[in-house]
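Shown next, in structure tokens, is the structure this report addresses.
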Amino acid sequence: MGRVLITGMSGTGKSSVIEELARRGFPAIDTDSDEWCEWVAEPGTGEPDWVWREDRMGDLLTRSHEPALFVSGCKSNQGKFYDRFEHVVLLSAPLEVMLARIARRTNNPYGKSEDEWRQIVHNVRFVEPLLRRGATLELDTSALTVPEVADRLVTLAQSR
């Protein structure tokens with residue numbers, strides 16, 4: 001069994017690929033929901049941060065999932081769980097591709113305002129390099145279709 005974390009910035013295709021994996025019958029969890037996340041105050045600043053509910057993620061990752069488990073998300077506390085995944089896959093794309101996808105998408109309101117666009121640019125500059133350091137694989141989704149990304153993730157999960 002392979003546990004695969006699919007992470008990356010907004011607009012790289014996390015939601016689309018997790019939906020494709022679920023459609024194919026795999027356990028596939030999009031963690032961007034109240035079920036998996038909660039708002040907390042960042043230590044030191046008191047700023048709100050949308051993080052994984054550590055108890056729920058811990059429970060999920062201790063259960064057996066055959067033939068694989070796919071989890072998508074990008075949260076500030078996800079690194080605490082990297083050792084429970086066989087693979088941490090960073091989905092990436094050029095910034096202009098990400099912003100164009102975000103402008104077109106209808107299933108998620110995030111990224112529609114100028115402030116959110118500035119936050120996305122900031123995250124690409126400062127957060128994405130941190131994700132890249134923790135990743136076991138990076139896939140540039142600008143060159144792949146959603147089914148192709150899903151195919152590669154399934155192959156990876158089964159290659160343990």
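Below, the figures for the structure above:
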{"item": "For residue 108: the one exception among (1) modelled with pLDDT of 95 or more; (2) within 13 Å of residue 13 (Cα to Cα); (3) of a type in the set (S, T, N, Q)", "result": "(1)"}
{"item": "Pairs where the first residue, in the range 44-66, is over 17 Å from residue 5 (Cβ atoms) and the second is of a type in the set (S, T, N, Q), C-beta under 7 Å, 6+ apart", "result": "49/76"}
{"item": "Sole exception among (1) assigned to a loop (DSSP other than H, G, I, E, B); (2) in contact with a strand residue (DSSP E or B) (Cβ under 6 Å, 6 or more places away or on another chain); (3) more than 19 Å from residue 123 (Cβ to Cβ) for residue 76, by number", "result": "(3)"}
{"item": "Cβ-Cβ under 7 Å pairs, at least 6 apart or on other chains, the range 111-134 side under 15 Å from residue 90 (Cα atoms), far side part of a helix (DSSP H, G or I) and of a type in the set (A, V, I, L, M, F, W, C)", "result": "124/95"}
{"item": "Residues that are hydroxyl-bearing (Ser, Thr, Tyr) and in contact with a helix residue (DSSP H, G or I) (Cβ under 8 Å, 6 or more places away or on another chain), drawn from the range 125-160", "result": "141, 142"}
{"item": "For residue 33: the one exception among (1) of a type in the set (Gly, Ala, Ser); (2) open to solvent by less than 50 Å² (accessible area, probe 1.4 Å); (3) touching an Asp or Glu at 6+ places or on another chain (Cβ under 9 Å)", "result": "(3)"}
{"item": "Looking only at the range 36-66, and only at residues there that are farther than 19 Å from residue 83 by Cα and not in a strand (DSSP E or B), the one that is most open to solvent (accessible area, probe 1.4 Å)", "result": "43"}
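The values are calculated or read from the model by the stated rules, or taken from the named source; none is laboratory data. Worth saying up front: this structure is predicted, and the values here are computed from it rather than measured. Virtual Cβ from ideal backbone geometry, glycine too; neighbours counted across all protein chains shown. Accessible surface areas use protein heavy atoms only, side chains included; no ligands, DNA or RNA. Shrake-Rupley method; radii C 1.70, N 1.55, O 1.52, S 1.80 Å.
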